[in-house]
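Below is one structure; the comments refer to it alone.
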Amino acid sequence: MSFTEGVMDTKSETVISLRGVRAELGARPVLRGIDLTVRHGEVVALLGANGSGKSTAVRGIIGQVPLSAGRIELFGTDRRHFRDWGRLGYVPQRTTAAGGVPATVTEVVSAGRLSRARFGVLRKADRQAVRRALDLVGMADRARDSVDALSGGQHQRVLIARALAAEPELLIMDEPMAGVDLASQEVLAETLREQVAQGTTVLLVLHELGPLEPLIDRAVVLRDGCVTHDGPPPRALGQHALPGHDHVHPHAPAGAEPIRTGLLS
């Protein structure tokens with residue numbers, strides 16, 4: 001096999017696959033049979049209004065939400081049997097970086113490296129990975145500071161550095177820009193740009209594209225737990241369609257509401 005063929009094979013590799021996924025919170029259906037494929041090197045944005053099922057979808061992918069039906073695969077392995085979690089970095093919705101436990105920035109970011117460390121002991125290579133992650137998010141100068149002294153945007157940078165410290169092949173981020181100041185948004189966009197350039201696959205939950213828009217390959221729009229659009233981001237779509245033109249995703253169930261071009265809610 002030639003080098004070119006090898007690159008093409010890698011590019012076509014399916015990293016995340018959801019088929020007919022359904023999930024409930026309490027007795028309320030939240031995901032209603034969604035299909036989603038993310039391939040190696042893609043940057044995919046999950047968009048939609050509050051309550052559309054975006055966060056439930058990503059929490060289902062990492063096993064935090066049980067499925068009532070359907071199948072999820074990670075790197076070609078059924079999620080129920082997947083064990084190589086060091087290949088995946090996860091950034092939850094904005095929260096305090098240390099979860100209320102006194103800790104320094106370095107300690108929090110180092111926790112993200114434990115999946116790669118031997119017997120839970122950080123070695124030279126692990127410490128170097130932590131420093132690189134802090135450099136990437138512009139927090140190296142705060143490495144010894146308590147996370148309690150950080151702003152909201154800085155907390156978010158630390159959470160992203162924690163995920164990057166494992167040097168993941170797949171990065172899943174849930175609303176990384178929510179409540180973050182513009183300066184931090186620009187830092188995060190540049191950080192992601194570098195990761196994507198290195199071949200990292202990214203799945204983002206977003207309420208709006210903001211500074212990340214140039215990085216997005218595909219947008220998957222959810223409404224009421226159904227996929228209503230899978231393709232170019234809505235703004236790009238709007239350049240080729242009349243304002244107000246409706247698009248219904250081919251996999252949406254009968255009766256699903258269409259997405260109105262350019263609107264996420």
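The values are calculated or read from the model by the stated rules, or taken from the named source; none is laboratory data. Predicted, not measured: the structure shown is a model, and the values here were computed from it. Cβ coordinates were reconstructed from backbone atoms using ideal geometry, including for glycine residues, and neighbour counts include every protein chain displayed.
Within the span defined as segment 173-184, one or more residues are in a strand (DSSP E or B) and not aliphatic (A, V, I, L, M).
Among the residues of segment 57-71 satisfying the criterion of being among the β-branched types (Val, Ile, Thr) and surrounded by 22 or more Cβ atoms within 10 Å (Cβ to Cβ), which is farthest from ILE172 (Cα to Cα)? It would help to see each step written out before you state the result.
Of the residues in segment 57-71, the ones among the β-branched types (Val, Ile, Thr) are 58, 61-62, 65.
Checking the rest, the ones that are also surrounded by 22 or more Cβ atoms within 10 Å (Cβ to Cβ) come to 58, 61.
Values: VAL58: 7, ILE61: 9 Å.
That would be ILE61.
Return a yes/no flag: does segment 232-254 have any residue that is modelled with pLDDT of 65 or more, within 18 Å of the chain's Cα centre (by Cα) and more than 24 Å from ARG28 (Cα to Cα). Yes, some residue in segment 232-254 is modelled with pLDDT of 65 or more, within 18 Å of the chain's Cα centre (by Cα) and more than 24 Å from ARG28 (Cα to Cα). For GLU194, the conditions (1) at pLDDT 90 or above; (2) farther than 24 Å from GLY76 by Cα; (3) crowded, with 19+ Cβ neighbours inside 10 Å are fulfilled apart from (3).
Scan segment 1-29 for residues that are of a type in the set (A, V, I, L, M) and modelled with pLDDT of 95 or more and report the count.
Going through segment 1-29, the residues of a type in the set (A, V, I, L, M) turn out to be 1, 7-8, 15-16, 18, 21, 23, 25, 27.
After this cut, where a residue has to be modelled with pLDDT of 95 or more as well, the list is 15-16, 18, 21, 23.
Total meeting the criteria: 5.
Inspect all residues belonging to segment 158-168 and state whether any of them is of a type in the set (D, E, K, R) and either touching a strand residue (DSSP E or B) at 6+ places or on another chain (Cβ under 8 Å) or closer than 21 Å to VAL105 by Cα (or both). Yes. Applying the criterion of being within 23 Å of LEU88 (Cβ to Cβ) and in contact (Cβ under 8 Å) with a residue 60 or more places away in the chain to the residues of segment 176-191, the residue that is surrounded by the fewest Cβ atoms within 10 Å (Cβ to Cβ) is ALA178.
I'd like the full set of residues that are of a type in the set (A, V, I, L, M) and either within 20 Å of GLN185 (Cβ to Cβ) or not in a helix (DSSP H, G or I) (or both), limited to segment 132-153.
In the first step, residues of segment 132-153 are kept if they are of a type in the set (A, V, I, L, M); the result is 133-134, 136-137, 139-140, 143, 147, 149-150.
Residues satisfying the conditions are ALA133, LEU134, LEU136, VAL137, MET139, ALA140, ALA143, VAL147, LEU150.
The condition (being touching a helix residue (DSSP H, G or I) at 6+ places or on another chain (Cβ under 6 Å) and crowded, with 19+ Cβ neighbours inside 10 Å) is satisfied by just one residue among MET173, MET139: MET139.
Quick one: is GLU208 under 16 Å from the mean Cα position of the chain (by Cα) and surrounded by fewer than 22 Cβ atoms within 10 Å (Cβ to Cβ)? Yes, satisfied. Among the conditions (1) part of a strand (DSSP E or B); (2) within 18 Å of the chain's Cα centre (by Cα); (3) among the β-branched types (Val, Ile, Thr), THR56 misses just one, which is (1).
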